[in-house]
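We did not get these values from a lab; they are worked out from the coordinates using the rules stated. Everything numeric in this text was worked out from a predicted model, so none of it was measured. When we count neighbours, we look across all protein chains shown, and the Cβ atoms used for this are built from the backbone with ideal geometry, even at glycine.
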Amino acid sequence: MRLSDPIAPSYYVDSAVRAAGPSRAPLRGEHETDVAVVGGGIAGCSAALHLAKRGYRVALVEAREIGFGASGRSGGQTIFGLATSQHSLIAEVGRADAHRLFELSVEGLDLLQSLIREHHIDCDYRPNHVHVAVKPRHVRELADWERELREDYRYDSVSLLDREQLRAHVASDRYLAGLLDTRSGHLHPLKYTLGLSVAAESAGVRIFENTRIVRYTAGAQPRVEGAAGLLRCRHLIFCGSAYLGPLVPSIARRILGVGTYVVATEPLAPARARALLPSDAAVADMNWILDYFRLSADRRLLFGGRVSYSTLQPRRLADSMRKRLLQVFPSLHDVAVERAWGGYLDITMSRAPNFGRLADNVYYLQGFSGHGLVLTALGGKLVAEAVAGTAERFDVFARIPHRDFPGGALMRRPALVLAMLYYRLRDLL
Ligand SMILES: Cc1cc2nc3c(=O)[nH]c(=O)nc-3n(C[C@H](O)[C@H](O)[C@H](O)COP(=O)(O)OP(=O)(O)OC[C@H]3O[C@@H](n4cnc5c(N)ncnc54)[C@H](O)[C@@H]3O)c2cc1C
């Protein structure tokens, strides 16, 4: 499957200073390196950075520009945990590994903070995140979740908010309760990704942009090839997510590229912005096909939601997103939507991330299922550990079992569209 270019340009492209200046040069001629990384999102940049810090010679190849994929387009919400529930993880990998996965996600939150600090990445990070209940059953789910997080996982930065308490964070009549987490938060995802790429370059990584890898050969010395050049390496890491396409069919079958969308309003006056989101928290609702939103540093409401499993972009995207936004904040009826864009998520059947090896010296990170902002940088660190010979933590992720999407190349997408219709109906109950 070849994904069409999502709607562009995003608000992020407008507002990020391309710290590294214009595009880096494409890959031309033959090069040798210790590690080649394919894909310049957060996962690839983090893997490259952590490997360079360990003394490896690293080359990173990006088909477009750094941050072109989901990493530079996302909702920017940095949240604990994985996209799948802890209950599902326990069923898949047992209690001990499920606990370790949760702990690793919390380590991911700390890693994000330390990367920002250590490399002086100016990416507008703000603490606080709230999951909000749209229906009475969500209120019960949030209460159970808080208990489980505090008692089973000793994660004590969360607190349950009733409807009145929630208004101190989200001034909307739509929501019945909330689960606030002060360790989660939000940031400008493109600035963060570009910052990581600059840090990687400073640590010695060679970055080639505008080079799509079109061929890969395994072996003691794997090779990747673009239109005008090739890289030989000792270790190879694929971090192409939904954008990787059919280059590696065995891992492409495990994920499905799902289009999802974000809009940015015009900037709001400071008092008006504060009245909507008084603690400047990021917000995500509890529906399967969820609405999520937050304020940018220049006080635009960034509002995300909708998915397109058929990869068709919803027509009149800005209008339809505006309708959803007004359900949450009707007072914004006079505010213009200035930008609307989309990107592709790499979802797995179980919504757990998919890390693994294609050979002893060929690794991949994918399948973040819409919850990758924190786990991608962690994944990059873990794959660097694995390349350096300590795979224990990488293997906690690699042990998660994964199934191919059923239906083969032609039928799997229609089958998923049907499955998603079911979840849309469930959101109505
Ligand atoms: C609209 C949207 C909103 C989201 N919101 C959130 C959120 O609020 N919180 C959250 O946690 N997660 C969110 N996500 C998910 C999160 O953004 C992703 O999980 C994460 O960014 C994935 O990072 P990555 O590095 O694995 O892949 P990507 O960022 O997708 O990077 C992959 C890169 O690989 C390159 N590439 C692919 N194939 C090749 C090739 N053959 N040769 C060279 N380069 C190649 C691509 O061009 C691309 O730049 C969102 C995603 C989207 C699309």
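Order the peptides 63-75, 214-226 from the highest to the lowest mean number of other Cβ atoms within 10 Å of their residues.
Result, highest mean Cβ count within 10 Å first: 63-75, 214-226.
Take every DSSP beta bridge whose two residues both sit in the chain, then give the antiparallel share in percent to the nearest 5.
Values: 47 of 69 bridges.
Rounded to the nearest five, the antiparallel share is 70 percent.
When you take every Cα atom in the stretch 250-334, what is the radius of gyration, and what is Dmax, the widest Cα pair distance, in Å?
Every Cα atom of the stretch 250-334 included, Rg and Dmax give 14.9, 52 Å.
Ranked highest first by average number of other Cβ atoms within 10 Å, how do 335-345, 178-188 line up? List each step's numbers first, then the result.
Details: 335-345: 20.0, 178-188: 22.8.
Result, highest mean first: 178-188, 335-345.
Per the Kirkwood formula on distinct C-alpha pairs, the Rh of the chain is how many angstrom?
Working: mean 1/r = 0.0458 Å⁻¹.
Hydrodynamic radius (Kirkwood, Cα pairs) of the chain is 21.8 Å.
Charges at C-beta only: +1 for Lys and Arg, -1 for Asp and Glu. How large is the resulting dipole of the stretch 99-216 about its Cα centre, in Debye rounded to 20?
Details: 17 positive and 19 negative charges, 89 e Å.
With only Lys, Arg, Asp and Glu charged at Cβ, the dipole is about 420 debye.
Taking the Cα centre as origin and putting +1 on Lys and Arg beta-carbons and -1 on Asp and Glu beta-carbons, what dipole magnitude results for the chain, to the nearest 20 debye? Show your work: numbers first, answer last.
Working: 54 positive and 44 negative charges, 198 e Å.
Dipole magnitude for the chain comes out near 940 debye.
Which value in nm describes the separation of the simple spin-label points at ALA168 and GLN113, placed 7 Å from the Cα toward the beta carbon?
Modelled inter-label distance: 2.1 nm.
What does the charge count around LEU166 come to, taking other residues whose C-beta lies under 13 Å from its C-beta (Lys +1, Arg +1, Asp -1, Glu -1)? The partial results should precede the final answer.
Values: positive: ARG163, ARG167, ARG174; negative: ASP162, GLU164, ASP173, ASP285.
With Lys, Arg at +1 and Asp, Glu at -1, the neighbours total -1.
Rounded to the nearest 20 debye, what is the charge dipole size of the stretch 102-171 about its Cα centre when +1 sits on each Lys and Arg Cβ and -1 on each Asp and Glu Cβ? It would help to have the intermediate numbers written out before the result.
Working: 10 positive and 15 negative charges, 90 e Å.
Computed about the Cα centre, the dipole is about 440 debye.
Quick one: net charge of ASP97's neighbours, Cβ under 12 Å, K/R +1, D/E -1?
For residues surrounding ASP97, the net value is 0.
By a straight-distance test (C-alpha under 28 Å), which lysines pair with LYS53 as possible cross-link partners, with residues fewer than eight away in the same chain excluded?
Correct list for LYS53: LYS191, LYS381.
What full-extension length gain, to one decimal in nm, is calculated for ASP14 and LYS135 as 0.36 nm per residue of separation minus the Cα-Cα distance?
Details: separation 121, 0.36 × 121 = 43.56 nm, distance 3.65 nm.
Separation in residues times 0.36 nm, less the Cα-Cα distance, equals 39.9 nm.
In which sequence would HIS87, HIS235 go, from the one with the fewest C-beta neighbours within 10 Å to the one with the most? The partial results should precede the final answer.
Numbers: HIS87 10, HIS235 23.
Ranking HIS87, HIS235 by Cβ neighbours within 10 Å, fewest first, gives HIS87, HIS235.
So for the pair ARG154, ASP319, with labels modelled 7 Å out along Cα→Cβ, what separation do we get in nm?
5.5
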